[in-house]
1. Which strands (runs of 3 or more DSSP E) sit wholly inside region 134-218 and have at least 1 residues that are of a type in the set (S, T, N, Q) and either within 15 Å of ligand 2 (Cβ to nearest atom) or modelled with pLDDT under 95 (or both)?
2. Within region 97-118, is even one residue in a strand (DSSP E or B) and under 20 Å from ARG208 (Cβ atoms)?
3. For GLY130, which of the numbered conditions (1) in a strand (DSSP E or B); (2) more than 16 Å from ligand 2 (Cβ to nearest atom) fails to hold?
4. Kindly establish whether GLY130 is within 24 Å of VAL64 (Cα to Cα) and surrounded by fewer than 17 Cβ atoms within 10 Å (Cβ to Cβ).
5. Please work out which residue is farthest from TRP183 (Cα to Cα), limiting yourself to region 202-216 and to residues that are among the aliphatic types (A, V, I, L, M) and within 13 Å of ligand 1 (Cβ to nearest atom).
6. Can you tell me how many residues within region 174-218 are under 30 Å from ALA116 (Cα atoms) and among the polar types (S, T, N, Q)?
7. Mind checking whether some residue in region 122-135 is under 13 Å from the mean Cα position of the chain (by Cα), of a type in the set (Lys, Arg) and within 27 Å of GLY80 (Cβ to Cβ)?
8. Return the residues of region 115-125 that are surrounded by 17 or more Cβ atoms within 10 Å (Cβ to Cβ) and either over 17 Å from ALA31 (Cα atoms) or without any contact (Cβ under 8 Å) to a residue 60 or more places away in the chain (or both); say none if nothing qualifies.
Amino acid sequence: MFTLDLFAELPRSADERRQLGPGAWLLEGFALAQAVAIVEAVRSVEARSPLRHLVTPGGYTMSVAMTNCGRLGWTSDLRGYRYATHDPLTGQPWPSMPEAFVELAQAAAVAAGFAAFEPDACLINAYEPGARLSLHQDKDEQDLAAPIVSVSLGLPAVFMFGGAERNSPIARYPLQHGDVVVWGGEDRLRYHGVAPVKAGEHPLTGSRRLNLTFRKVL
Ligand SMILES: O=C(O)CCC(=O)C(=O)O
Ligand SMILES: [Mn+2]
C-alpha cells in the first residue's frame, strides 16, 4: 500500500553485487543514477530507428520489440540472425551510441572484473506486458572474450540464467529498474532468457520494460 510503494521507490545502494557465476554478476541499482538520461536517449534512438518485432529464421515473430544503437545492430529475419551496420527498416546507419552509454557499460564491466570493454553494439529491447525472451545464448558476436552488459529499466522482470547446455538447470533472478547484469569469461555462453513481463506501470517507462545489452561484436 502507500508505505510499501514509498519503499519500492527508494533507491538501493549502488554497491550491492551478487555473484551469479565465476564471470557473472548482478549489480543491483548500478544504472539508477543514469536511468532518466538513458530513457531519454532511448526515445531519441527510437525516433530514428523505430522499435520493431523481428521475425526469427524459424518464422516466429518475437514478442519483444527491438532497435539498436552503435556501429553495429543485431537483427533477424527469415535468412538468419546477424549484425548489420545499417537498420534494414530505414536503410540508414543505426543511431550512434551515446558516450554516456559507453561509459556506463564500461563501468559495469569493470565492477564485474572485465577491464577495457569497448562495446560496438547496443541492442535495445522493449517488453510490453506478456512479452518474453526464450532461452538463448548470445553467440553472434565474433569477440567472445568481451562480456555482455545488460541494463534493465522500468517494469521488473525475472531473468532466467541457465548453464552451458540448453537443458542445464535454470536459476531465476528478479531484475529491478536500474539493475545491471554482466556475464563473461567462462559464463559468456550461458543460456539465458526473460520470463513473461507482468503488467504494471513504472513512473519512467510507463507500461514497459526496457533492456539494453551492450556487446562487442568485432
Ligand atoms: O532483457 C533482458 O534482460 C535480456 C536480453 C537478452 O538476453 C538479449 O537481448 O539477448
Ligand atoms: Mn541474450
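The values are calculated or read from the model by the stated rules, or taken from the named source; none is laboratory data. Only a predicted model underlies this, so the values are computations on that prediction, with no experimental measurement involved. Neighbour counts are summed over all protein chains in view; Cβ atoms, including those assigned to glycine, are modelled from backbone coordinates with ideal geometry.
1. Qualifying strands (runs of 3 or more DSSP E): 148-154, 209-215.
2. Within region 97-118, none of the residues are in a strand (DSSP E or B) and under 20 Å from ARG208 (Cβ atoms).
3. (1)
4. yes
5. LEU210
6. 3
7. Scanning region 122-135, I find at least one residue that is under 13 Å from the mean Cα position of the chain (by Cα), of a type in the set (Lys, Arg) and within 27 Å of GLY80 (Cβ to Cβ), so the answer is yes.
8. Listed by number, the residues that qualify are ASP120, ALA121.
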